[in-house]
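Trainee: Quick one: this structure, given as structure tokens, is what I'll be asking you about.
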Amino acid sequence: MRGEGRVRGYQFFAPTAIHDAVRFKAENPGCTIIQGATDVGVWVTKRAFTAPAMLYLGKIEELNELKDGASITVGANVSLAAFEVFIRDRIPELYRILNVFGSPQIRCAGTLVGNIANGSPIGDTLPYLFVADAQLELAGTTGTRVIPVASFYRGYKKFDLKPDEIITRAFIPVVKDTLKLYKVSRRRDLDISAFTAAIRLRVNGRIEEARIAYGGVAPTVVRMPKVEKFLTGKSPLLETFQRAGAIARAEIKPITDVRGSADYRLQLAENILSKFWHEAFRSSGTRPSHDGCRQEHPA
Ligand SMILES: Cc1cc2nc3c(=O)[nH]c(=O)nc-3n(C[C@H](O)[C@H](O)[C@H](O)COP(=O)(O)OP(=O)(O)OC[C@H]3O[C@@H](n4cnc5c(N)ncnc54)[C@H](O)[C@@H]3O)c2cc1C
């Protein structure tokens, strides 16, 4: 049964079908979607946020889907906790990052799609989604479309999402290449990142393909095309990654905020590539290894 009514003066709607949800969104400009409300709730309690209408998707059963296929399909209602368990053996690197995402309570309420839609440049799941070429299904009043996660972001909190559209599913490929994910925060647990990174390499003697995404260095998570181009075709030697670090530093213009200075982020952007080499290649000569993600805390 769908729910409808007014809460603190705004319209609240909890439909049970996607077509009702997108119609409501189209008819209520400025409507805010709620999943776990771990972001939206903070806006309300700390920033006196109000919206003309709120749309809760949790009653739409179709959006509870979590299944294997060519990619993992993650419905908009799937909690981070459920996703974390599902990927434990499928994507161990991302699993370990989710272990230090917020707290168990936040992961039980919050969703993967909420993390994507919130669009924070320091959202912890995003670097993986960028290097894995994850995709989003968007539903609107005239049908659905599928877009790469990376093209969803048009600037700081600006999205490729039409007024009638909602994100219904995310499609998450399972990366088998050499992969490391990083979250740098002041403390290990229950802290927001100052810097995040995903480094994915396909190596066959030489680096055949490099995909690198950084968070916390620009208004959105970004790929690092100059670093990727530099690494491609090279042998995975420490010196190569040190030079790549210098290129990374020149490729970004981070800002100073409460979580870290611009200089600190530039240093992280440079050093993380040498750190990656030590973790992926040092113990086995130049052979890639697949285990071990890192959550960094500088203290
Ligand atoms: C104490 C605390 C700790 C946290 N720790 C972390 C952390 O370690 N790492 C991290 O990355 N984040 C963290 N967060 C932020 C937050 O928990 C995540 O971003 C979470 O994934 C949001 O999911 P949600 O379902 O609660 O989203 P909501 O708050 O419900 O929504 C978030 C945004 O996405 C939009 N949205 C939601 N669903 C859809 C949809 N289907 N279609 C279109 N738009 C949609 C909403 O309108 C809103 O703008 C933390 C938050 C708190 C309060």
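The values are calculated or read from the model by the stated rules, or taken from the named source; none is laboratory data. Just so it is clear, the structure is predicted and the values come from calculations on it, not from any experiment. Ideal geometry is used to build each Cβ from the backbone, glycine not excepted, and the neighbour counts take in all protein chains shown. Please note that ligands, DNA and RNA were not included when accessible areas were found on the heavy atoms of the full protein model with its side chains. Shrake-Rupley method; radii C 1.70, N 1.55, O 1.52, S 1.80 Å.
Trainee: If you take every residue apart from Phe130 with its C-beta less than 9 Å away from the C-beta of Phe130, what net charge results, scoring Lys and Arg +1 and Asp and Glu -1?
Mentor: Details: positive: Arg211, Arg223; negative: Asp133.
Surrounding charge for Phe130 is +1.
Trainee: Please grab the % of Cα pairs in the range 110-209 that end up more than 23 Å from each other. Could the numbers behind the result be given before it?
Mentor: On the way: 1689 of 4950 pairs.
Percentage above 23 Å: 34.
Trainee: Also, quick follow-up: May I ask you to give the percent of accessible area on the range 70-193 that is carbon plus sulfur, with a probe radius of 1.4 Å? It would help to have the intermediate numbers written out before the result.
Mentor: Numbers: 2510 of 4670 Å².
The C+S portion of the solvent-accessible surface of the range 70-193 is 54 percent.
Trainee: With springs only between Cα atoms under 10 Å, which of Ala248, Ala53, Ala70 fluctuates most in a Gaussian network model of the chain?
Mentor: Most flexible of the set in this elastic network: Ala70.
Trainee: Here's a follow-up. I'd like the carbon and sulfur percentage of the solvent accessible area for the range 3-56, probe radius 1.4 Å, heavy atoms only, ligands and nucleic acids excluded.
Mentor: On the way: 1580 of 2920 Å².
Here it works out to 54 percent.
Trainee: In the structure displayed, which of Lys67/Lys183; Lys25/Lys162; Lys157/Lys253; Lys158/Lys183; Lys25/Lys157; Lys176/Lys253 lie more than 20 Å apart, Cα to Cα?
Mentor: Details: Lys67/Lys183 26 Å; Lys25/Lys162 10 Å; Lys157/Lys253 18 Å; Lys158/Lys183 23 Å; Lys25/Lys157 18 Å; Lys176/Lys253 31 Å.
Exceeds cut-off: Lys67/Lys183; Lys158/Lys183; Lys176/Lys253.
Trainee: Now, a different point. Decide, for the range 39-164, between rounded, prolate and oblate: order the square roots of the alpha carbon gyration tensor eigenvalues as a ≥ b ≥ c, take rounded if a/c falls under 1.5, and otherwise choose prolate if a/b is larger than b/c, else oblate.
Mentor: Numbers: a/c = 1.41, a/b = 1.16, b/c = 1.22.
It is rounded, given that a/c, with a ≥ b ≥ c, falls under 1.5.
Trainee: Under a point-charge model restricted to the Cβ atoms of Lys and Arg (+1) and Asp and Glu (-1), what is the dipole moment magnitude of the range 178-296 relative to its Cα centre, in debye to the nearest 20?
Mentor: The calculation lands at about 140 debye.
Trainee: Using a/c under 1.5 as the rounded threshold, could you call the range 1-84 rounded, prolate or oblate? The axes a ≥ b ≥ c are square roots of the C-alpha gyration tensor eigenvalues, and prolate needs a/b larger than b/c, oblate otherwise. Write down the numbers at each step before the final one.
Mentor: Values: a/c = 2.48, a/b = 1.49, b/c = 1.67.
Oblate shape, in that a/c is at least 1.5 and b/c is the bigger or equal ratio.
Trainee: Regarding the chain, what are the three Cα extents along the principal axes, ordered largest first, in Å?
Mentor: Projected onto the principal axes, the Cα atoms of the chain cover 62, 41, 32 Å.
Trainee: Right, another one. Just the Cα atoms of the range 170-239: what Rg and Dmax do they give in Å?
Mentor: Expressed in Å, the Cα Rg and Dmax of the range 170-239 come to 13.9, 39.
Trainee: I've got another one for you. Please compute the alpha carbon radius of gyration of the range 178-296, then divide it by the globular-protein estimate 2.2 N^0.38 Å. Two decimals is fine.
Mentor: Working: Rg = 13.7 Å, N = 119, 2.2 N^0.38 = 13.5 Å.
Here the answer is 1.01, to two decimals.
Trainee: Using θ = phi - 60° and the Karplus relation 6.51 cos²θ - 1.76 cosθ + 1.60, list the HN-Hα couplings for the range 250-266 in order, rounded to whole Hz, with x at every Gly or Pro.
Mentor: Values per residue, Gly and Pro as x: 7, 8, 10, 9, x, 9, 8, 8, 4, 8, x, 7, 4, 4, 4, 5, 4 Hz.
Trainee: Let me ask something else. Probe of 1.4 angstrom, ligands and nucleic acids ignored: what's the accessible area per residue over the chain, in square angstrom?
Mentor: Numbers: 13820 Å² over 299 residues.
On a per-residue basis, the chain sits at 46 Å².
Trainee: Could you give the distance between the Cα centres of the range 195-266 and the range 40-83, to the whole Å?
Mentor: Centre-to-centre distance over Cα atoms comes out at 31 Å.
Trainee: Can you list the residues, at least 5 places off or on another chain, whose amide H is less than 5 Å from the amide H of Thr168, using H built in the peptide plane?
Mentor: Glu137, Leu138, Ala139
Trainee: Check which residues have an amide H placed less than 5 Å from Ile72's amide H, if you skip close sequence neighbours.
Mentor: Ile172, Val174
Trainee: Within the P(r) computed for the range 138-190, what percentage of the Cα pairs occupies the region above 13 Å?
Mentor: Values: 988 of 1378 pairs.
Percentage above 13 Å: 72.
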